[in-house]
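Asks: Sharing a structure below in structure tokens format, with a few things to ask.
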Amino acid sequence: MKILQGGAPKCGNFWLYQILQQLMHRSGQPVNSFIQRHPIYELAKTWDLNYPSQASIDVLDVTDLQYSYRISSIFRMPVESIEGYVAQTDHVWTHSPVCKRSSELFRLFDKKVYILRDPRDRAISAAKYYTSEYMLKYYSQEETDARRYLEKHFEELLVEWVWHVYDHLRLSREHNIHIAFYEGFLLDFQRELGRLLEYLGLELSEAERAELQEAMSFATLKSKNPKHLKKGQSGYWMDQLTDRQAAQADMIAGPLIRFLGYPTSKGQPMRYTTEPPHQNFEALKEEIIASQQPLYQV
């Protein structure tokens, strides 16, 4: 089984990767890796990366013009043959938004899993990450304070999330993409795990599922990856965003927030819907564009 996992940055991609790796190992699935057989791998293991296993992950960037594989922000090379690359790996991670090459890529994988996270929590997490010591080492910038970064880039972080998510939702039925929820793993791990197992066609005993939940708990993963993982919470935007930012989030991402069943205002309990009602995605797109119209008015 070849698995492609996707998601906008800071939506729980690392957590999903670890869960999928555990499922493949525990169910006896092969877990071949392209990058672990690459000559750069042994050297990459000595680099100062963001977390211990980062050098071992097959990360793929996809644009209209090319595919490329990389290790963090340090090493990147073009893929000469995407079919040849996929033949050498069983689990690939990508942050790339949908582009002209996406349909070709989706067809090369047996299973596609896309992870979602509330865009307001995601924006706060992204601001902290982009101003972290690790990121500033490779992407120097003037703004080093997370709160000020969020203030300056809040709009673009939300817009990025909206179209990244919308395009994957739009293609989810055509390409049989499973939509996973960060909040699902956080608030009801076994339910979200059950949805994922059913999609992958895998089975684990109750004892194995309990063991997996313990191994994949945020506290366990954070103890092993302290630089990359911070809080592991949901709904903290209600305390950290200003009223103006909350209103701005509703203007930019409101249609998708409501479509996915996330809370629409401060004080509401965290919720989400794993099966949104059937949607005319062209109508949803028009609703998103209309909601964002004030952004483009001079």
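Asks: What dipole magnitude, in Debye to the nearest 20, does the stretch 1-138 give about its Cα centre under +1 on Lys/Arg Cβ and -1 on Asp/Glu Cβ?
Replies: The calculated dipole for the stretch 1-138 is roughly 320 debye.
Asks: May I pose another question? Out of the stretch 96-160, which trypsin sites (Lys or Arg not before Pro) are coil in DSSP terms and have no more than 12 other C-beta atoms within 10 Å?
Replies: 100, 107
Asks: Check residue 67: other-chain or 5+ apart residues with amide H under 5 Å from its amide H, H built from backbone geometry?
Replies: Here 79 satisfy the definition.
Asks: If you don't mind, there's one more thing I want to ask. Any idea of the accessible area per residue across the stretch 1-117, 1.4 Å probe, to the nearest Å²?
Replies: 40
Asks: For the chain, what is the mean residue ellipticity at 222 nm derived from helices alone (per DSSP H run of n ≥ 4: -39500 (n - 2.57); sum divided by total residues; nearest 500 deg cm²/dmol)?
Replies: -14000 deg cm²/dmol
Asks: Assuming 0.36 nm per residue, please report the length gained on full extension of the stretch residue 236 to residue 167 beyond their Cα-Cα distance.
Replies: Contour length minus the Cα-Cα distance gives 22.2 nm.
Asks: In whole percent, and with a 1.4 Å probe on the protein chains, what portion of the accessible area of the chain is carbon and sulfur?
Replies: Carbon and sulfur: 49 percent of the exposed surface of the chain.
Asks: A further question on this structure: If you take Cα extents along the principal axes in Å from the coordinates, which of (1) 51, 44, 39; (2) 57, 56, 36; (3) 68, 49, 37 do you get?
Replies: (1)
Asks: Over 24 Å between C-alpha atoms is what I'm after, so list which of 100/152; 45/152; 100/285; 2/137; 111/285 land there.
Replies: Listed pairs above 24 Å: 100/152; 45/152; 2/137; 111/285.
Asks: Estimate the FRET efficiency between residue 46 and residue 88 by the formula 1/(1 + (r/R0)^6), using the beta-carbon distance for r and 22 Å for R0, to the nearest 0.05.
Replies: 0.45
Asks: Considering only protein heavy atoms, with the full assembly of protein chains and a 1.4 angstrom probe, order 11, 99 by accessible area, largest first.
Replies: 99, 11
Asks: Considering only protein heavy atoms, with the full assembly of protein chains and a 1.4 angstrom probe, order 287, 214 by accessible area, largest first.
Replies: 214, 287
Asks: Return the aspartates and glutamates within reach of residue 128: Cα separation strictly under 17 angstrom, same-chain partners fewer than 8 residues apart disregarded; answer none if there are no such residues.
Replies: In chain and number order, the partners are 118, 142, 143, 145, 151, 155, 156, 160, 239.
Asks: Determine the dipole magnitude for the chain: charges of +1 sit on the beta-carbon of Lys and Arg, -1 on that of Asp and Glu, nothing else is charged, the reference point is the Cα centre, and the result goes in debye to the nearest 20.
Replies: The dipole of the chain has a size of about 380 debye.
Asks: In whole Hz, with x marking every Gly and Pro, tabulate ³J(HN,Hα) for the stretch 153-161 from phi via Karplus 6.51 cos²θ - 1.76 cosθ + 1.60, θ = phi - 60°.
Replies: 10, 4, 4, 5, 5, 6, 4, 4, 4
Asks: If you don't mind, another one. Please give the length that would be gained between residue 283 and residue 198 if that part of the chain were fully extended, namely 0.36 nm times their separation in residues minus their C-alpha to C-alpha distance (nm, one decimal).
Replies: Working it through step by step, the gained length comes to 27.6 nm.
The values are calculated or read from the model by the stated rules, or taken from the named source; none is laboratory data. These numbers were taken from a predicted model, which means no experiment stands behind them. Using ideal geometry, Cβ is built from the backbone for each residue, glycine included, and neighbour counts are taken over all protein chains shown. Just the protein is used for accessible areas: all its heavy atoms, side chains included, with ligands, DNA and RNA removed. Shrake-Rupley method; radii C 1.70, N 1.55, O 1.52, S 1.80 Å.
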